[in-house]
Amino acid sequence: MPDPGLETDLITLGRRIRHLRTARGLTLDALGERVGSAPSLLSLVENGRREPRLGLLRSIADALGVPMSELLSPEPPSRRAALEIALDRAQRAPLFTTLGVPAVKPSQKLPMPVLEQLVGLHEELARREQLAIATPEEARRANTELRLEREARDNHYPQFEAIAEEMVTAAGYTGGALTHRTVARMAEQMGFTLLHVDDLPRSARSVTDLRNGRIYLPPASTPGGHGLRSLALQALAHRVLEHERPRSYGEFLRQRVEITYFAAACLAPQLVAVPFLQERKRERDLAVEDFRDAFGITHEAAAMRLTNLATHHLGIPLHFLRVGADGALFRGYANDGLPFPQDVTGAIEGQLICRRWAAREAFERRDRATEFYQYTDTPAGTFWCSTQTGSMSPAGGPDGGSGAFSITVGVPYAHAKWFRGRDTQVRRTSTCPDPACCQRPAPALAERWSGEAWPSGRMHQQILAALPRGAFPGVDDAEVYAFLDKHAPD
Ligand SMILES: [Zn+2]
């Protein structure tokens with residue numbers, strides 16, 4: 001198999017030769033005579049089916065009166081040639097061969113409109129094929145790949161940290177919580193105005209009007225100011241990080257990870273957050289709640305942000321979990337060896353975690369207002385965890401119906417000494433994935449109830465089931481365009 005890149009270059013080279021030859025009114029025979037080659041060989045070259053020797057190429061350039069570089073330019077010689085090349089390439093792609101329909105020779109006889117339409121159809125077909133790959137299983141694999149990459153890099157991305165630091169500083173940030181005003185200034189410096197509207201398309205969290213330099217966000221009165229700053233920063237991040245329209249579900253997820261990271265790095269900038277955390281570590285009084293309060297972000301955002309900084313700057317490996325009241329893991333990260341349950345694809349989302357872990361034990365407490373601390377002995381060692389429970393406003397949210405969830409940050413035993421709550425007396429043993437740990441009913445209960453119980457199962461909302469359909473995964477194009485049109489200045 002020839003290298004596809006080379007093959008493409010051969011097609012372009014052939015088209016350039018044909019273009020120059022016909023422009024000079026030469027037939028294949030006439031050119032063949034001038035360069036001393038068989039017309040059939042030249043035809044193969046012009047069709048990109050044969051790589052010409054350097055000597056032949058030199059003779060062709062001479063015969064056509066152009067420098068060699070003119071033949072070798074990667075640019076198609078005309079719009080028509082570009083289309084012919086695109087059609088040729090599409091028909092050689094594996095996707096086309098699986099269709100079982102005959103190929104069309106991209107010859108001069110094809111009218112331009114037909115050529116335009118064929119190429120357009122091929123491009124759309126290829127794009128849909130790319131997106132269709134995102135079955136729930138593919139989405140889970142892409143998600144797992146990203147998580148493993150983040151874990152391997154200790155969830156620290158220096159380039160995003162640097163850009164965020166530079167931008168917040170340029171907008172006048174000096175410390176504490178990043179204000180709405182500063183976020184608006186950051187947008188202004190990039191040529192964008194932030195506008196709050198109450199009719200955002202339901203499928204979008206924010207919409208950016210690139211033409212008029214506007215970023216539309218939900219109403220400013222929405223509870224949870226952190227969410228709005230984060231949304232605005234994420235919308236800006238797409239521009240700052242020069243994102244292109246995602247062509248696969250994996251790309252879509254990666255962009256989401258990147259914009260979330262960028263927003264977090266703006267809301268708790270490294271230049272202030274790291275000295276803060278170092279100080280608390282020295283005092284042996286690290287606590288997610290203090291970090292959260294110092295920067296005015298949510299508990300979950302603070303916990304996630306800690307994973308960006310703790311290993312790289314403080315030398316502390318750690319894990320993060322968001323778990324629903326039903327025990328299903330909604331989001332997880334670990335570079336400290338915590339043994340997450342996984343499905344066959346390696347995905348951890350949606351898996352039920354051990355009942356003995358702090359993330360689930362915390363739901364059993366009567367007083368949920370304060371942090372819950374626990375040591376857990378597992379087959380992978382002892383971990384200390386700090387868990388806070390909360391509830392999510394949207395009913396039927398992703399956290400297993402009730403809307404309640406827990407946020408956990410934990411570390412291996414040796415690192416517990418840096419954290420507030422290390423003196424807890426709560427200690428549990430988990431032997432999961434051993435089914436005898438917590439998944440099997442207690443023998444006495446099983447004996448009493450086996451055959452006597454008939455529960456009606458709740459349908460689980462498929463995690464990561466939001467499949468792409470429009471130009472942007474999961475977003476309704478028609479709704480977005482209509483929205484932009486309605487709000488655009490005249
Ligand atoms: Zn267990």
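The values are calculated or read from the model by the stated rules, or taken from the named source; none is laboratory data. Keep in mind that what you see is a predicted model, and the values were worked out from it rather than measured. Here Cβ is always computed from backbone atoms with ideal geometry, including for glycine, and neighbour counts include all displayed protein chains.
Would you call Ala232 buried (at least 18 other Cβ atoms within 10 Å of the Cβ), of a type in the set (Gly, Ala, Ser) and at pLDDT 95 or above? No.
If you go through region 181-204, how many residues are under 14 Å from Ala237 (Cα atoms) and part of a loop (DSSP other than H, G, I, E, B)? Within region 181-204, residues that are under 14 Å from Ala237 (Cα atoms) and part of a loop (DSSP other than H, G, I, E, B) number 3. Gly25 satisfies every condition listed in (1) at negative phi; (2) modelled with pLDDT of 90 or more except (1).
Tell me which residues, restricted to region 470-487, are at pLDDT below 70 and surrounded by 16 or more Cβ atoms within 10 Å (Cβ to Cβ). Phe472, Pro473, Val475, Asp476, listed by residue number. In region 331-348, the count of residues that are under 23 Å from Pro275 (Cβ atoms), of a type in the set (Ser, Thr, Tyr) and outside any loop (DSSP other than H, G, I, E, B) is zero. Checking each residue in region 412-445 for being in a strand (DSSP E or B) and either of a type in the set (Gly, Ala, Ser) or within 13 Å of the ligand (Cβ to nearest atom) (or both) picks out Arg428, Thr429. Could you say whether any residue in region 142-157 is among the polar types (S, T, N, Q) and modelled with pLDDT of 95 or more? Yes; the residues of region 142-157 include at least one that is among the polar types (S, T, N, Q) and modelled with pLDDT of 95 or more. The sole residue among Thr370, Thr345 that is at pLDDT below 90 and within 28 Å of Leu228 (Cα to Cα) is Thr370. Exactly one of these conditions fails for Ser391: (1) surrounded by 13 or more Cβ atoms within 10 Å (Cβ to Cβ); (2) within 28 Å of the chain's Cα centre (by Cα). Give me its number. Condition (1) is where Ser391 drops out. Here Tyr261, Tyr249 are screened, and the one residue that is farther than 23 Å from Met190 by Cα and under 16 Å from the mean Cα position of the chain (by Cα) is Tyr249.
Taking region 232-264 as the range and being touching a Pro at 6+ places or on another chain (Cβ under 7 Å) and not hydroxyl-bearing (Ser, Thr, Tyr) as the test, the residues that pass are Pro246, Phe252, Gln255. Sort out which residues of region 372-386 are under 8 Å from Ala358 (Cα atoms) and of a type in the set (S, T, N, Q), and write them in order of number. Passing the criteria: Gln374, Thr376, Ser386.
For Leu42, the conditions (1) part of a helix (DSSP H, G or I); (2) loosely packed, with under 13 Cβ neighbours inside 10 Å all hold with the exception of (2). For Ile85, the criteria (1) β-branched (Val, Ile, Thr); (2) farther than 21 Å from Arg127 by Cβ; (3) crowded, with 18+ Cβ neighbours inside 10 Å hold in every case but one, which is (2). Looking at region 355-364, can you tell me whether even one residue there is charged (D, E, K, R) and more than 16 Å from the ligand (Cβ to nearest atom)? No. Just to verify a result, which residue in region 400-456, among those that are touching a residue at least 60 places away in the same chain (Cβ under 8 Å), under 22 Å from Asp336 (Cα atoms) and aliphatic (A, V, I, L, M), is surrounded by the most Cβ atoms within 10 Å (Cβ to Cβ)? Only one residue fits best here, namely Val409.
Counting only residues that are among the small types (Gly, Ala, Ser) and under 12 Å from Gly175 (Cα atoms), which one in region 259-297 is modelled with the lowest pLDDT?
Initial filter on region 259-297 (among the small types (Gly, Ala, Ser)): 263-265, 268, 273, 287, 294, 296.
Still in the running and under 12 Å from Gly175 (Cα atoms): 268, 273, 294, 296.
Working: Ala268: 97, Ala273: 98, Ala294: 96, Gly296: 92.
Looking at the filtered set, the residue picked out is Gly296.
When Gly332, Gly346, Gly337, Gly350 are checked against the criterion of being within 16 Å of the ligand (Cβ to nearest atom) and touching a residue at least 40 places away in the same chain (Cβ under 8 Å), Gly332 stands alone in meeting it. Taking the criterion of being surrounded by fewer than 23 Cβ atoms within 10 Å (Cβ to Cβ) and hydrophobic (A, V, I, L, M, F, W, C), the only residue of region 305-315 that qualifies is Leu314.
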